[in-house]
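Q: Could you have a look at this structure, given as structure tokens, before my questions?
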Amino acid sequence: MMPTIIRTHKPNDNLSRMEEEWLYNGLDCCITLEVLEALLPQLSARTKKTYEFSLALQAPILEMVQRGIRVDTVRRSELVREFREDIAVLEEQLYSIVFDGIGYPDFKNWKSHAQVKNLLYTVMKLPPQKTRGANGVWDVTTNREALEKLQKYLIARPVVNHMLHLRDIGKAIESLEKKLDDDLRIRTSINIAGTNTGRLSSSASDFGTGGNLQNVDRRYREIFIADKGFKLGNCDLEQADSRNLGAFCWEAFYDKHGPEFAGSYLNACESGDLHTFVSRMARPELPWTNDPKENRKLADTIYHHNNSYRDLDKKLGHGTNYVAKPRTAAQHAQITIREAETFQRNYFKAFGCIKEYHELVKKQLKTEQKIITLFGRERHFWGRPADDKTLRDAVVFGPQSSTAEEINIGLLNTWRTHKVQLLIQVHDSILFQYPEELEQQIIPFVLEKLIVPLTLKGNHTFHVPVECQIGWNWGKASATNPNGFIKWNGKDNRVRQ
């Protein structure tokens, strides 16, 4: 067949459908190449390294996309049936509460935004919650954040709790019913450049099947199973964002303030129990001892709404690290603003480097409008430096991007050995399968490959520790799920059920 010459600068109505598609794809490739040739000279040594790393990730990502994960279709059907039964019970309870308790018989569809909005804000006279739309206009909303804010009103709690549970279960059913491929595997499309932090993102496959496998609800992970003769491993970085924030503070303030100040938060992370350490620093009035076991027992004491000191301080510490103001922190932890203020005052007293890190980021936004991570990834922030959202995004970027870099470097290092089959990366962990008879050799090997060491100032060696779970499905092991994950402790005597 003779090649066809198409004059792309002139309209041509005589092209066949196939020729039009050739033309479209050809031009797409040519323009992409032109853009690349214009951008490459603009790369610095730092940004070129990030670009080359993204290119290197394409091979393992493509392999994961093509392989997919096997699905236990029988268990999937059982879970859908169980969830639908739960919905029926919750619906009956909700409509009974609204009809008998509130005296409003016209509420008949919890999925209707209009009916929910009318019930909450007109009938129950709760304060309307608003959100800014894509067009910048504020409008009344009944989204999850709005419902969670309304939970503080006692009269609203039974209604709101039912709606939240119904929505969660409805979302679970929707995910479970995603279309599988003909080989009964679920596949996802993974985007290497899908986020500003370097995290991977995922969505439906190129053929419209599957979906986002990076946000799978733990309640139905057991439907994802290993192939015959294989076993699943899931290795994840322990408290990676917190440890990376500690490493940031060490690097930023070691020369200026010395290791005690710069390492105050990193030392807490490496203490073995960060959240108990935080409780001890933030609540000096409690009877702490020098015995770690006794301190953990004290930290686990129930304090508020079935939450222990440790549970609350975990939430408060995380929010404070990322510049949550006392009002916001109090709202998420469901405590008073005064309690949140006291916590943050004690927190910053113990970890002064966190407060100074926030101030450093503010300064960098004003002077350079960019943040550079521990791994050299550079991001420009084009929002107004004084805006709370710009500051929050910039503060979060460093630790979260470093976590993404660590897990992606580990993923690439693991793939290059060709000892396991990679299945999915979930922000700070990787799921893979391996021949189960080689478990004793493979798990320690993968754990080693996922260690990404950094040498910080003062010749301080830093890395985020890794732990691994193993099993024949992605769910947690239990009496009803004997094939689920257990923590790797050197040996697993179970046999696949």
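The values are calculated or read from the model by the stated rules, or taken from the named source; none is laboratory data. Note that the structure is a prediction, hence the values are computed from the model and not measured. FYI the Cβ positions are ideal-geometry reconstructions off the backbone, even for glycines, and counts take in every protein chain you see.
Q: Going residue by residue through segment 191-210, is there one that turns out to be at positive phi and surrounded by 15 or more Cβ atoms within 10 Å (Cβ to Cβ)?
A: Checked segment 191-210: at least one residue is at positive phi and surrounded by 15 or more Cβ atoms within 10 Å (Cβ to Cβ).
Q: Also, quick follow-up: Which of the residues that make up segment 384-393 are closer than 13 Å to residue 362 by Cβ and either modelled with pLDDT of 95 or more or not aliphatic (A, V, I, L, M) (or both)?
A: Step one: of segment 384-393, the residues closer than 13 Å to residue 362 by Cβ are 384-388, 390-393.
384, 385, 387, 388, 390, 392, 393 - these are the residues of segment 384-393 that are closer than 13 Å to residue 362 by Cβ and either modelled with pLDDT of 95 or more or not aliphatic (A, V, I, L, M) (or both).
For every residue, the table says whether it meets (1) assigned by TED's automatic domain parsing to the domain that holds residue 223; (2) touching a strand residue (DSSP E or B) at 6+ places or on another chain (Cβ under 6 Å); (3) more than 26 Å from residue 67 (Cα to Cα).
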site	(1), (2), (3)
410	no, no, no
439	yes, no, no
471	yes, yes, no
475	yes, no, no
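Q: Quick one: in segment 183-198, which of the residues that are under 12 Å from residue 73 (Cα atoms) and not β-branched (Val, Ile, Thr) is nearest to the chain's Cα centre (by Cα)?
A: Within segment 183-198, the match that is nearest to the chain's Cα centre (by Cα) is 185.
Q: Of (1) loosely packed, with under 14 Cβ neighbours inside 10 Å; (2) assigned to a loop (DSSP other than H, G, I, E, B); (3) not small (Gly, Ala, Ser), residue 142 satisfies all except one. Which?
A: (1)
Q: Of all the residues that make up segment 219-230, how many are in contact (Cβ under 8 Å) with a residue 12 or more places away in the chain, surrounded by fewer than 20 Cβ atoms within 10 Å (Cβ to Cβ) and out of contact with any strand residue (DSSP E or B) (no Cβ under 7 Å at 6 or more places or on another chain)?
A: Summing the residues that are in contact (Cβ under 8 Å) with a residue 12 or more places away in the chain, surrounded by fewer than 20 Cβ atoms within 10 Å (Cβ to Cβ) and out of contact with any strand residue (DSSP E or B) (no Cβ under 7 Å at 6 or more places or on another chain) in segment 219-230 gives 2.
Q: Against the condition assigned to a loop (DSSP other than H, G, I, E, B) and either touching a strand residue (DSSP E or B) at 6+ places or on another chain (Cβ under 7 Å) or in contact (Cβ under 8 Å) with a residue 40 or more places away in the chain (or both), how does residue 125 come out, does it pass?
A: No: the conditions fail for residue 125.
Q: What residue, of 234, 215, is more than 28 Å from residue 456 (Cα to Cα), of a type outside the set (Val, Ile, Thr), within 18 Å of the chain's Cα centre (by Cα) and part of a strand (DSSP E or B)? Step through it out loud before you land on a result.
A: Working: 215 fails: part of a strand (DSSP E or B).
Result of the check over 234, 215: 234.
Q: Can you tell which of 362, 355 is within 23 Å of residue 253 (Cα to Cα) and in contact with a Phe, Trp or Tyr (Cβ under 6 Å, 6 or more places away or on another chain)?
A: Only one candidate qualifies: 355.
Q: Here are some residues: 134, 59. Which one is small (Gly, Ala, Ser) and either more than 27 Å from the chain's Cα centre (by Cα) or at pLDDT below 95 (or both)?
A: 134
Q: When you look at residue 39, is it over 30 Å from residue 418 (Cα atoms), touching a residue at least 40 places away in the same chain (Cβ under 8 Å) and among the aliphatic types (A, V, I, L, M), yes or no?
A: Here the answer is no, as residue 39 does not meet what is asked.
Q: Still on this model: Which of the residues belonging to segment 19-57 are surrounded by 10 or more Cβ atoms within 10 Å (Cβ to Cβ) and acidic (Asp, Glu)?
A: 19, 20, 21, 28, 34, 52
Q: Residues in segment 348-371: is at least one in contact (Cβ under 8 Å) with a residue 60 or more places away in the chain, buried (at least 16 other Cβ atoms within 10 Å of the Cβ) and under 30 Å from residue 488 (Cβ atoms)?
A: Checked segment 348-371: no residue is in contact (Cβ under 8 Å) with a residue 60 or more places away in the chain, buried (at least 16 other Cβ atoms within 10 Å of the Cβ) and under 30 Å from residue 488 (Cβ atoms).
Q: Assigned to a loop (DSSP other than H, G, I, E, B) and within 18 Å of residue 214 (Cα to Cα) - does that describe any residue in segment 381-389? Talk me through it step by step, then tell me what you get.
A: Our first condition is that a residue be assigned to a loop (DSSP other than H, G, I, E, B); within segment 381-389, this holds for 381-387.
So of that shortlist, the ones also within 18 Å of residue 214 (Cα to Cα) come out as none.
No - not one qualifying residue is present in segment 381-389.
Q: Of the residues 275, 332, 318, which single one is crowded, with 19+ Cβ neighbours inside 10 Å, of a type outside the set (S, T, N, Q), under 28 Å from the mean Cα position of the chain (by Cα) and under 26 Å from residue 464 (Cβ atoms)?
A: The conditions single out 275.
Q: Which one of the conditions (1) closer than 30 Å to residue 73 by Cα; (2) surrounded by 20 or more Cβ atoms within 10 Å (Cβ to Cβ) does residue 487 fail to meet, given that it meets all the rest?
A: All conditions pass for residue 487, except number (2).
Q: Does residue 461 count as more than 25 Å from the chain's Cα centre (by Cα), touching a residue at least 12 places away in the same chain (Cβ under 8 Å) and under 28 Å from residue 400 (Cα atoms)?
A: Spelling it out, it is not the case that residue 461 is more than 25 Å from the chain's Cα centre (by Cα), touching a residue at least 12 places away in the same chain (Cβ under 8 Å) and under 28 Å from residue 400 (Cα atoms).
Q: Between a first residue in segment 128-140 that is within 16 Å of residue 153 (Cβ to Cβ) and a second residue that is modelled with pLDDT under 90 and outside any strand (DSSP E or B), which pairs have beta carbons less than 6 Å apart while being 6 or more apart in sequence or on different chains?
A: Filtered contacts from segment 128-140: 129/149.
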